[in-house]
Every structure is written in structure tokens, then in C-alpha cells.
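Below is one structure, written out as C-alpha cells, with a few remarks after it.
Read the figures in this text as sums done on the coordinates, not as results from a lab. Since the structure is predicted, the reported quantities are computational estimates derived from the model, not experimental observations. In this analysis, Cβ positions are derived from the backbone assuming ideal geometry, glycine residues included, and neighbour counts consider all displayed protein chains.
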Amino acid sequence: MTVYKGYMKIMKRNLGMVFLYIVIFVGFTMLFQKLAGGDAARGYQARSVRIAFIDEDKGSLAQGLKAYLEQFHEVTVMKQDKARLQEALFYRDVEYIVWIPEDFFENCIVGEESLSVTQVPGSYTAFYVDQQISSYLNDARVCHAAGFTQEETAESLKQLKPAEVEVLDNGRASGETSTYGYYFQYIPYLFLSVVCYGMGYVISAFHKGDLPKRMCACAVSGRRQNMEGLLAAATFGICLWVLSIAGAFFWYREILSERGGMGYFLLNTLLMMLVALTISYLVGMFVHGKNSANVLNGIVTVLSMGMCFLCGVYVPLELMNRSVKTVSQFLPVYWYEVVNDYIVEFGNVTGEAKQAVLQGLGMQLAFVAGLVCLTLAISKWKRGHFSS
């Protein structure tokens, strides 16, 4: 186990740097997922708009419209002063101006004339207020058509209440925002970054100077050297994987205990770790020389950020373009995210969902096998190159 001990010795020297990256990436991952998870349930809140309300009618129906809008927005009663209103609109003190003319009931309800409004140009919130005012006026016209007077119409419309909407997490079994799902969603970035940085430095150290030639001349076979190197990488990876799973249980122990599919979570993250390990081993073989640290930083940044952007770590797969997802299927992180989405969505996966999960796990395993074979082939080629 000489090669294995050598790997572990170099790794021990860089342990401080490795733990620094772990702390940084875990911290940012947790912060990112908590912000996203916290906003998920609040993302569908109605927008409150600052409205200037000019009432020249003073009737009961105009007051009813004002009270109706106050349920949703910040309504300020103002006088008909064009200069002051333009100034308030320019400085965004108000975003929407409603002008109630005299004989409001006769003109806008009986005569069905349009209500005069002014809004900030290009403001999407104006459509929201337009819809609410239009809804109120249509209800008033229905009451008038039924024979209601202005006072009776206003009194009837006072009973209108905002619809109570309960936002459910799309397709989730619990109907709640699955914050633990964000944690597992961002794990590939953690694994790829930390493992490729950490193992990259270690593996590249074995490809500097005359060390490759000396290893070719030693009594340990090339296959055994590769196997011991992979074993050292696995030791590092398993430790990081255990820390990540321990963090998940620490923050989400109660939720994970109630939800099903924990075995699939463990297997999915373990396969993702194996993918990161094989990639780091392959990258480390090509990084050597005086500027190896800078080269490694560049390669790891492109690999980790690129795959995370393309494969659904930062942007959910359901929001990505079909052509982008077609390309992403040739990357292992895509299949990790597919499996993660199914587990978060269904908990205990069965039927077609289970088949999709097994397919995603199988694809990751195929990537691991392919990367290991590629690493062994390149290592053998480089050893023959050095020996010649």
C-alpha cells in the first residue's frame, strides 16, 4: 500500500485547504438553498401597488371601490392637481392613479364608460390593478342589471372578499416547500468543486518532475498503482459524503424521517460522489507543471459551474430549454438531478417513477464505469510514453 500511503500523506498536508473549501461550499450551499426554499412559499404573494385615488363623485359606490382596492394596495386619497400627480408618478410615490368622475354610477355603471386611470409606463403591476377594477365594475353592472340601486350595489359589493389561495408545492407529496430538496439539489456543486480541487492537487503531485518515471521503474505494477490511487480517492470521497449526509440529517432529520425514499437519496448522492471522484482523478492526471494550481482552478471552475448550469443544479430542469436538456443528458449531473426531482416529488417512488429513478442511477453508474476505464487507459498510455 505504498502508493495509497503516499496519496494520504499528500492529502494530509493539504487537509487545511480541503476543509476550508468544504466550509465555504457547505456554507454557500446552505445559504443558497435556504434563501430559495424560503422564497418558494412566498413567491406567489400578491403585489401591493401604491395607488392615488381621486374621488369627485363622493358616492357610496366610489367609496366601495376605494375600500375594495385597500384590501390589496396602499391607497392614498389625493386632489385633482395635475402637476402634483405628475410629480408623484415621476418619483414613483404612486404607481397608479384612479380618477372617479362625477356621476360615477350613471356614467361608468349604467353607461358602461371606461374609468380614467394613469399608470407608470411599462409597469406590469398596472395590469394587476386593471383586472381588479374591471372585476369590481363588472360585478357592479351585474347588480345594476338585477335592479339594485347604487346604495344597494355598494352594500352588496362590500361582501366581496379576496380569494383565499393555499399554495402547494407542485406535485410534492406533502404540499409543503421541500427545503431539503434544495440541499440535495446543490450537492453536485459541492462534490465536484471540493473533490476536484482537493484530489486534483494530490493526484497532480504524482505527475510532477521525474516521479512518473520513478513509479514506472518501481516493483509495484501499474494496475496496482492505479487501484491504490483510486482507493485513496475513495477514502477522501467517502469522508466528504458522510459529512454531507450527516449535515442533511442534522438540518432535516424530522422531515427525512417522515418522508420516504431515503435509501434512494443515499444511493443517488453516493453515485454522484463516485462521478466526482473519477472526474477529479482524470483531471489531476493532466494538471502538472509550475502553474498547476492556476490550471486546476480553471479546469475545475469550468467543469463544476458548466455542468451545474446545464444540468439543473442552479436552474430547475423543468424550466430549461428542450435543446439544452438534450445536451445535458450526456452529462452525469443531469441524471443525478432527474433522480433527485423524482424522489423529492414522490417520496416513496413506485411504478413508472421507480423505473425512471433506477434508470437515472444506472446512467450515473455507467458514467462512473466509463470514466474509470478512460482513466486507466490514459494512465497506461502515459506510463508507456514515459517508459519510452
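Modelling each spin label as a point 7 Å along the Cα-to-Cβ direction, I'd like the Leu31/Val117 distance in nm, to one decimal.
4.0
Grab the Cα-Cα distance for Ser48 and Gln159, subtract it from 0.36 nm times how many residues apart they are, and report the gain in nm with one decimal. Walk me through the intermediate numbers first.
Numbers: separation 111, 0.36 × 111 = 39.96 nm, distance 2.11 nm.
Between Ser48 and Gln159, full extension yields an extra 37.9 nm.
Taking the Cβ-Cβ separation of Thr149 and Glu70 as r and a Förster radius of 25 Å, what is the calculated FRET efficiency to the nearest 0.05? Before the final figure, lay out each step's value.
Working: r = 24 Å, r/R0 = 0.94.
FRET efficiency, Thr149 to Glu70: 0.60.
Give the calculated FRET efficiency between Val142 and Leu256 to the nearest 0.05, with a Förster radius of 35 Å applied to their Cβ-Cβ distance.
Details: r = 52 Å, r/R0 = 1.47.
Using R0 = 35 Å, I get an efficiency of 0.10.
Give, as a single signed number, the net charge of other residues whose beta carbon lies under 12 Å from the beta carbon of Glu87, with Lys and Arg counted +1 and Asp and Glu -1. Before the final figure, lay out each step's value.
On the way: positive: Lys82, Arg84, Arg92; negative: Asp81, Asp93.
Overall, the nearby charge balance is +1.
Fully extended, how many nm does the chain gain between Ala377 and Val324 (0.36 nm per residue separation, minus their Cα-Cα distance)? Walk me through the numbers on the way to the answer.
Numbers: separation 53, 0.36 × 53 = 19.08 nm, distance 3.05 nm.
Contour length minus the Cα-Cα distance gives 16.0 nm.
Which value in nm describes the separation of the simple spin-label points at Lys9 and Gln131, placed 7 Å from the Cα toward the beta carbon?
Computed distance between label sites Lys9 and Gln131 equals 6.9 nm.
Quote the FRET efficiency, to the nearest 0.05, computed for Val302 versus Leu270 with a Förster distance R0 of 30 Å and r equal to the Cβ-Cβ distance. Could you put the intermediate results ahead of the total?
Values: r = 25 Å, r/R0 = 0.83.
After rounding, the FRET efficiency stands at 0.75.
Of the listed peptides 270-283, 340-353, 79-92, what is their order by residue-averaged count of other C-beta atoms within 10 Å, with the highest listed first? List each step's numbers first, then the result.
Numbers: 270-283: 24.3, 340-353: 17.9, 79-92: 11.8.
Sorting 270-283, 340-353, 79-92 by mean packing, highest first, produces 270-283, 340-353, 79-92.
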